[in-house]
């Protein structure tokens, strides 16, 4: 294994849960989650030589993984035909399932509300829930800080309205 591969795996390993969360948010079927995780890893690997450390690796990972997820969700991304199994990268699809299954009813309800959002708003709220600042979100998604703040407020309002409607039925 090359030094670059070793560094990539060392940087990727602590952030597996982020990939699982993104895959869970964008794919309801297990097989699709596996495909999406493969595509996220492949794109991260292709971009890794350009990672210069100016931003945290988690920021780099989120930006790429969410963009891949959006493309995957839209069906615009090409499928990896000769991909390595995700297990070769220390990823475990069963772990992604366990993350999803271990969540309580409130988290399941939250994920259902998030799943109703369009791709950009879904990415935005997932990153927001990870604790990124408005400035970081704007940079990751290529939006202005004002646009990010406005979208987050609208998303919160919509999710509260949708949750209230669910509760009343």
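The values are calculated or read from the model by the stated rules, or taken from the named source; none is laboratory data. Fair warning: this is a prediction, and the values are worked out from it, not measured in the lab. Cβ sites come from the backbone with ideal geometry, for glycine too, and all protein chains shown count toward neighbours.
If you go through segment 1-29, how many residues are under 19 Å from residue 122 (Cα atoms) and either assigned to a helix (DSSP H, G or I) or at pLDDT 90 or above (or both)?
Narrowing segment 1-29 to residues under 19 Å from residue 122 (Cα atoms): 17-29.
Add one more test, that the residue is either assigned to a helix (DSSP H, G or I) or at pLDDT 90 or above (or both), and what stays is 17-26.
Residues that pass the stated criteria total 10.
When you look at residue 148, is it in contact with a helix residue (DSSP H, G or I) (Cβ under 7 Å, 6 or more places away or on another chain), assigned by TED's automatic domain parsing to the domain that holds residue 25 and either part of a helix (DSSP H, G or I) or at pLDDT below 80 (or both), yes or no? Spell out how you get there, then give the answer.
Details: in contact with a helix residue (DSSP H, G or I) (Cβ under 7 Å, 6 or more places away or on another chain): yes; assigned by TED's automatic domain parsing to the domain that holds residue 25: no; either part of a helix (DSSP H, G or I) or at pLDDT below 80 (or both): yes.
So residue 148 does not fit the description; no.
Considering every residue within segment 17-26, establish whether at least one is within 25 Å of residue 131 (Cα to Cα), free of Cβ contacts under 8 Å to residues at least 60 places away in the same chain and not assigned by TED's automatic domain parsing to the domain that holds residue 110. No, segment 17-26 contains no residue that is within 25 Å of residue 131 (Cα to Cα), free of Cβ contacts under 8 Å to residues at least 60 places away in the same chain and not assigned by TED's automatic domain parsing to the domain that holds residue 110. Report yes if some residue within segment 135-142 is at pLDDT 80 or above and surrounded by fewer than 17 Cβ atoms within 10 Å (Cβ to Cβ); otherwise report no. Yes, segment 135-142 contains at least one residue that is at pLDDT 80 or above and surrounded by fewer than 17 Cβ atoms within 10 Å (Cβ to Cβ). Assigned to a loop (DSSP other than H, G, I, E, B) and either closer than 19 Å to residue 124 by Cα or in contact with a helix residue (DSSP H, G or I) (Cβ under 7 Å, 6 or more places away or on another chain) (or both): does that describe residue 47? For residue 47, the condition - assigned to a loop (DSSP other than H, G, I, E, B) and either closer than 19 Å to residue 124 by Cα or in contact with a helix residue (DSSP H, G or I) (Cβ under 7 Å, 6 or more places away or on another chain) (or both) - is not met.
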